[in-house]
Every structure is written in structure tokens, then in C-alpha cells.
Amino acid sequence: MASNKNLLMLPGDGIGPEVMHEVKRLIDWMDRRRHVSFNITEDLVGGAAIDARGTPITDATVAAAKSADAVLFGAVGGPQWDNHGFNKRPELAILTLRRELGLFANLRPAIVLDPLVNASTLKPEVVKGLDIMIVREATGGIYFGEPRGIETLQDGQQRGVNTEVYTTHEIERVARVAFELAAKRQNRLCSVEKANVMESGLLWRQVVTALGQREYPNVELSHMYADNCAMQLVRNPRQFDVIVTGNLFGDLLSDLASMLTGSLGMLPSATLGAVDSSGRRHALYEPIHGSAPDIAGKGQANPLAQILSFAMLLRYSFDMDEDAKLIERACTNVLASGLRTADVMAAGCAKVGTHVMGEAVIRELDKQAA
Ligand code: IPM
Ligand code: MG
């Protein structure tokens, strides 16, 4: 039967293709055992696209992403593409997709699974059971604001400029995603900016406050300055449920939060666009880890973040919460059984590579679906 689920896979560079391969096997499993099939197209992005086509992402790839139901992204970048110039850097692939598809809400969970409580550099009693969701605005702020550029002044000095800018609409739509998520979780939302220094932060605080009063009076809303938030995330991370913040602060705070879990190789993310009149939305899913050029091609990478990104894809793009949970549970059980890739290796565990880890997840799924 032809599938109505169109998936664009963009494995990218470094470990991207290796970890994506394990998702392909998982998709085969779903086809066989759950009778769910996907129409998969695959394309090049990042350094791989620079090598083959001279650009980190082509217009045709962007068009394919727009017509797909969901995009599963791997990772881009590596030292061999560092000197291709600012306008040809591999990172432009992901930035272009966010902008062109209007993917404004970047959901970055930081979850400490029980079997990995000792992987954190923080004490187990501080991070045990941690479950935070950071909602980062991803198409605005200083990443995309104008004016921007490097200019040469009359005295020969140069001047680099970027602009932090947010409109009411941009703030409201990302805050709405965060309020909705909070309402389904512990009902607490913390909005983060620098309203003490920046006008864009002041507007952010005013807009989020008004939206909360108007549409989400039952969600407990608090506000925090971004620097304090960084400190609080390390001091007592479990005080947070959902955090909503702008693009740059979200970039920093989500890296910080992910390391509370001690295992970058474990964390997925989703970036969502607006829901259109037919109920569809553009969406892209990617692991938080990068392309890890140092271990690329060695079969050592942890495939779980890519697999868990696929689980998020099932949940948010296809409303397949049950299948998402099945996969998430399988990953936790495999870790609980003592298998570990190098990045989360612990005493008394068995160290395995990418393929064995992917295989173990499938065997666990077999067991659960039996
Ligand atoms: C991220 C990354 C990207 C960003 C880079 C690769 C452009 O750090 O997704 O957090 O800064 O947004
Ligand atoms: Mg980042």
C-alpha cells in the first residue's frame, strides 16, 4: 500500500549518516511489525552538499522539505568545510530550513533517564528525574535581525553588527506553543529574557504576560533574566517545567540544560512551524548533538538521539503517541540493561557501537510488541 507519510531524510555530515542508518532500520521494523510505512526521500545537506553541489543546501532541497510531511535531520559541519567562507558554511543548511519553512518553535527536552542518572557531572540528587522542556524561538531574534553585516569605517576600523528584534506576533506564537505544552505537563512556564537591559526583552515580557492573562490564566507563569536562568539551571534545575525564550538565549540555555543530563548523545529536538488551515504544519526533527567529526565513520556514535528524534516526529507530525512511547521505552530499557555507547559509558556496563545499540533497540521493540 502506498504510504501517505512523506518523510525527507537529511543525514548530513560526520556521524549524521551513521545514526540515521539506525533510524532506517527502525522504520523497516515499523513497516514489518506495526504495518506503518513511510515514503522516504533522502537528500544532501551541509558539507556533503557543498562537496557535491557547491552549496550547503539547494533550492530543490528546500522545496522538498516544504512538500514533505516531516523532515528528519542528522547533523552538519566538519573541519574540512571551515574555510569555505561565511556564506557557504554547512550550518546554513539548518538555518535556511528554519527560515524557509517558518520553523519558529524549537522544542528541546532535557530529560534524565534513571539508568543515566550518574552520567551527569551534577550530583544525582540534583538531577534525578529531571524533565525540562526548553522552547526556543528559532526564526527571529539576533540570528536573523537586520541590519547585520561587517562594514569598514572611514578611519579604517571595521564594525560588526547584528540586531536583536522581536515583534508582538513572533513572541505570541512561540509563547503560545510553550503555554500549550506547559498545560499538558506540570502547568508551569518560565519566560526568559533580559528585560533589565534590552527593549526587545521588555516587550517579550509584556507580551508573554498579557497572553498568559488573556488565554492561559491557569498556567503558572514566571519570568527570569537569562543570566539568572543559566545559574538556576545549574543550582536547582528541577524548579523548571517549561522554559520559553528567544533564539540566542535558547541556543545557550539549551546546550547548558542538555549537559545537565550528561549525555548530549541522548537528546532529540523538534522544530515546528505554524498550523495551516488544513491542520498541517512544517516540522523538522534533529538530535541536539552535532556531527562529531572526531568519531565519524568509526561506528561509535550513540544513535539514540536520532532514534528519539524520530519518536518525536511520530508524536508531533503524525499523532502517533503510542508508537513514540514504545520507542522511548525501548531506548530506556536498553540502557537499563547495561548497554552503553562510549559517550555514556559507566562502570559495570557493556560498551557497544552504533549498530549494536540500534540492533538492541529493535530487539527490545520486538519484545514489547510480542
Ligand atoms: C543549534 C546549533 C545551531 C544554532 C547552529 C549549528 C547554527 O547550535 O541548533 O543549537 O546556533 O542554532
Ligand atoms: Mg546550539
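The values are calculated or read from the model by the stated rules, or taken from the named source; none is laboratory data. None of the values given here were measured: they were computed from a predicted structure. Virtual Cβ from ideal backbone geometry, glycine too; neighbours counted across all protein chains shown.
Remarks
- For segment 135-169, a tally of residues being within 16 Å of ligand 1 (Cβ to nearest atom) and either within 23 Å of Leu253 (Cα to Cα) or assigned to a strand (DSSP E or B) (or both) returns 13.
- From Leu97, Leu130, residue being within 12 Å of ligand 1 (Cβ to nearest atom), under 23 Å from the mean Cα position of the chain (by Cα) and either in contact (Cβ under 8 Å) with a residue 40 or more places away in the chain or surrounded by 22 or more Cβ atoms within 10 Å (Cβ to Cβ) (or both): Leu97
- Scanning segment 232-259 for residues that are more than 15 Å from ligand 2 (Cβ to nearest atom) and in contact with a Ser or Thr (Cβ under 7 Å, 6 or more places away or on another chain) yields a total of 1.
- Screening Asp31 on (1) over 17 Å from the mean Cα position of the chain (by Cα); (2) buried (at least 23 other Cβ atoms within 10 Å of the Cβ) shows it passes everything except condition (2).
- For segment 92-101, the count of residues that are of a type in the set (Lys, Arg) and in contact with a Leu (Cβ under 9 Å, 6 or more places away or on another chain) is at least one.
- Between Leu26, Leu72, the distinction of being crowded, with 23+ Cβ neighbours inside 10 Å and assigned by TED's automatic domain parsing to the domain that holds Met357 belongs to Leu72 only.
Conditions (1) under 23 Å from Arg34 (Cα atoms); (2) more than 16 Å from ligand 1 (Cβ to nearest atom), marked per residue:
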| residue | (1), (2) |
| --- | --- |
| Pro287 | no, no |
| Lys298 | no, yes |
| Ala305 | yes, no |
| Phe310 | yes, yes |
| Leu313 | yes, yes |
| Asp323 | yes, yes |
| Leu326 | yes, yes |
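- A single entry from Gly145, Gly149 fulfils the requirement of being farther than 27 Å from Ser258 by Cβ, assigned by TED's automatic domain parsing to the domain that holds Leu181 and either in contact with a Leu (Cβ under 8 Å, 6 or more places away or on another chain) or modelled with pLDDT of 95 or more (or both): Gly149.
- Selected residue (only one of Glu172, Glu151 is among the acidic types (Asp, Glu) and surrounded by 14 or more Cβ atoms within 10 Å (Cβ to Cβ)): Glu172
- Test: residue in segment 1-17 that is exposed (fewer than 15 other Cβ atoms within 10 Å of the Cβ), in contact with a strand residue (DSSP E or B) (Cβ under 7 Å, 6 or more places away or on another chain) and in a loop (DSSP other than H, G, I, E, B): yes
- The listed residue being closer than 24 Å to Gly201 by Cα, in a helix (DSSP H, G or I) and not small (Gly, Ala, Ser), out of Asp294, Asp255: Asp255
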